[in-house]
Amino acid sequence: MTQNQPIKALENSINDMVTVKLKDQRIFRGRLTRCDMIMNLTLADAEEIDEEQVKAKYGEVLIRGNNILWIQIPES
Amino acid sequence: MTQNQPIKALENSINDMVTVKLKDQRIFRGRLTRCDMIMNLTLADAEEIDEEQVKAKYGEVLIRGNNILWIQIPES
Amino acid sequence: MTQNQPIKALENSINDMVTVKLKDQRIFRGRLTRCDMIMNLTLADAEEIDEEQVKAKYGEVLIRGNNILWIQIPES
Amino acid sequence: MTQNQPIKALENSINDMVTVKLKDQRIFRGRLTRCDMIMNLTLADAEEIDEEQVKAKYGEVLIRGNNILWIQIPES
Amino acid sequence: MTQNQPIKALENSINDMVTVKLKDQRIFRGRLTRCDMIMNLTLADAEEIDEEQVKAKYGEVLIRGNNILWIQIPES
Amino acid sequence: MTQNQPIKALENSINDMVTVKLKDQRIFRGRLTRCDMIMNLTLADAEEIDEEQVKAKYGEVLIRGNNILWIQIPES
Amino acid sequence: MTQNQPIKALENSINDMVTVKLKDQRIFRGRLTRCDMIMNLTLADAEEIDEEQVKAKYGEVLIRGNNILWIQIPES
């Protein structure tokens, strides 16, 4: 996987805080602990956010890549 | 499958209690007994939860991976 | 297919009564007579259930796997 | 394709009357004349049924498999 | 492609008038001029029909196969 | 790619004005400048049309093929 | 990848400002920093736009290709 691949930007964010928007409009925020080529990923200390409020805390969450709209990652 | 793959985190949760959110917004809670690479999984002692209430109990349930939004797993 | 594959749990349920929830929220109940790796399956003596009432009886039904949310199977 | 494959049950129904439920909740009834592995199929003397009334007659219809929820087939 | 494949029935309808129902419930009617294995097709003299009225005329239209629900073809 | 392939009709329309209907019911009109086998395409001088009014002008637009319902092309 | 491929037009836009429309009707605007063959891409200085107003600023965002409707790119 070359350096200018979008997925590489996700790999570079391992251990950073990321925000994940899902197709059902829910937002998760947490520390990225794992990811793969199809954007399956795990978050530690995951929070579900609704209208900028923390709605629930989940500890560790595995999110299925095909339901992700976008991921906010730290600026490179 | 290397240790930092998201699916590996699911495999590590076999025999643990997990919470599964489906695309239709239903939530299942149960003990993870089987899983595969595309997140098909079986839960023992499965409960369907709606607005934090147990809505139904199903014994053993096979959930199709492509309909899963996220899975809460024990913290590693 | 190894013993801990989720699909194996479905194969083990051949000839047992199962409950199948579809993406359109309809529920089918019947005796599992055939299944394959992508969860296509046939039910004998199939009943369509709506709000815990039998809505229709279909004899034998072939259900397309990609529309299945979950399948309740006998406890192993 | 072995005898216990679900698609085999469809093949066995060639020339029989079948009922096909589509994802858009429409129902077609007709004589199955052709089918393939992904459930593409053709019906002769096809009728579209809505609330148990014949809504339209189409002669021969080719239905795309990926939009099929289930198919009622003759009991084997 | 053997004679009893559903797609073969579509190929046999080249130059015939067909009616195509799309997932968004729109209906196109026109002369089938091209088709492929995944039901991509072109219609000449295409009309878009809504509630049995011609809503628009498009000349030649290329329809993407994955959005097709069903195609009415001439009886074989 | 043989001459009677539907995608060939799209290739033949390079540099012609085409109208593209998307799954979200939006319509784009512009000059076709590029296309590929899965109907990804670029339009120059692209206009978004809503109820037969030009709603927006975008210059050059890349449209993802999987979201296309149909494409009106010049009559061949 | 030949010069007349639609994806090539996206690659040519690296470091340019682009506008991305998603399936959920949200619009992102930012500087394209990475892209791949299935339209996964990263934007720097990304802004989410709703009814022509900047609704949120995200820094760097990774957008999953399969949820993209279209991308406005600089005229070539």
Report, by residue number, each residue of the stretch A:22-31 that is modelled with pLDDT of 95 or more and of a type outside the set (A, V, I, L, M).
A:28, A:29, A:30, A:31
Suppose we filter F:59, F:65 for residues that are modelled with pLDDT of 95 or more and under 14 Å from residue G:71 (Cα atoms); which single one remains?
F:65
For the stretch C:29-48, check the following and say yes or no: at least one residue is hydrophobic (A, V, I, L, M, F, W, C) and closer than 13 Å to residue B:63 by Cα.
yes
The residue that is surrounded by the fewest Cβ atoms within 10 Å (Cβ to Cβ), considering only those in the stretch G:1-21 that are modelled with pLDDT of 95 or more and touching a helix residue (DSSP H, G or I) at 6+ places or on another chain (Cβ under 9 Å), is G:18
Right, residue B:19: free of Cβ contacts under 8 Å to residues at least 24 places away in the same chain and either within 24 Å of residue A:33 (Cβ to Cβ) or in contact with a Pro (Cβ under 8 Å, 6 or more places away or on another chain) (or both) or not?
no
Filter result (of a type in the set (S, T, N, Q) and over 19 Å from residue B:4 (Cα atoms)) within the stretch A:6-58:
A:19, A:25, A:53
Any residue in the stretch A:48-67 that's over 10 Å from residue A:20 (Cβ atoms): show its pairings with residues that are assigned to a helix (DSSP H, G or I) at Cβ separation under 6 Å, as long as the two are six or more apart or on different chains.
A:62/B:6; A:62/B:9; A:62/B:10
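For chain D, list the strands (runs of 3 or more DSSP E) that sit wholly inside it and hold at least 1 residues that are more than 14 Å from chain C (Cβ to nearest Cβ); which are they?
It comes to D:27-35, D:41-50, D:53-63.
Please find, among A:38, A:73, A:63, the residue that is surrounded by 15 or more Cβ atoms within 10 Å (Cβ to Cβ), within 22 Å of residue B:12 (Cα to Cα) and touching a helix residue (DSSP H, G or I) at 6+ places or on another chain (Cβ under 7 Å). Lay out the reasoning, then the answer.
Values: A:73 fails: within 22 Å of residue B:12 (Cα to Cα); A:63 fails: touching a helix residue (DSSP H, G or I) at 6+ places or on another chain (Cβ under 7 Å).
That would be A:38, the only listed residue that is surrounded by 15 or more Cβ atoms within 10 Å (Cβ to Cβ), within 22 Å of residue B:12 (Cα to Cα) and touching a helix residue (DSSP H, G or I) at 6+ places or on another chain (Cβ under 7 Å).
Among the residues of the stretch C:22-35, which ones are crowded, with 16+ Cβ neighbours inside 10 Å and not small (Gly, Ala, Ser)?
Looking only at the stretch C:22-35, we keep the residues that are crowded, with 16+ Cβ neighbours inside 10 Å, and these are C:22-23, C:26-35.
Within the stretch C:22-35, C:22, C:23, C:26, C:27, C:28, C:29, C:31, C:32, C:33, C:34, C:35 qualify.
Only one residue in G:8, G:23 is touching a strand residue (DSSP E or B) at 6+ places or on another chain (Cβ under 7 Å) and of a type in the set (D, E, K, R). Which one? Break it down into steps so the answer makes sense when it comes.
Details: G:8 fails: touching a strand residue (DSSP E or B) at 6+ places or on another chain (Cβ under 7 Å).
From the options G:8, G:23, the qualifying one is G:23.
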Which of the residues spanning the stretch A:25-47 are free of Cβ contacts under 8 Å to residues at least 24 places away in the same chain and within 21 Å of residue G:22 (Cα to Cα)?
A:25, A:27, A:29
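The values are calculated or read from the model by the stated rules, or taken from the named source; none is laboratory data. Just so we're clear, the structure is a prediction, and the values are computed from it rather than from any experiment. Counting neighbours? That spans all protein chains shown, and the Cβs are built from the backbone with ideal geometry, glycine included.
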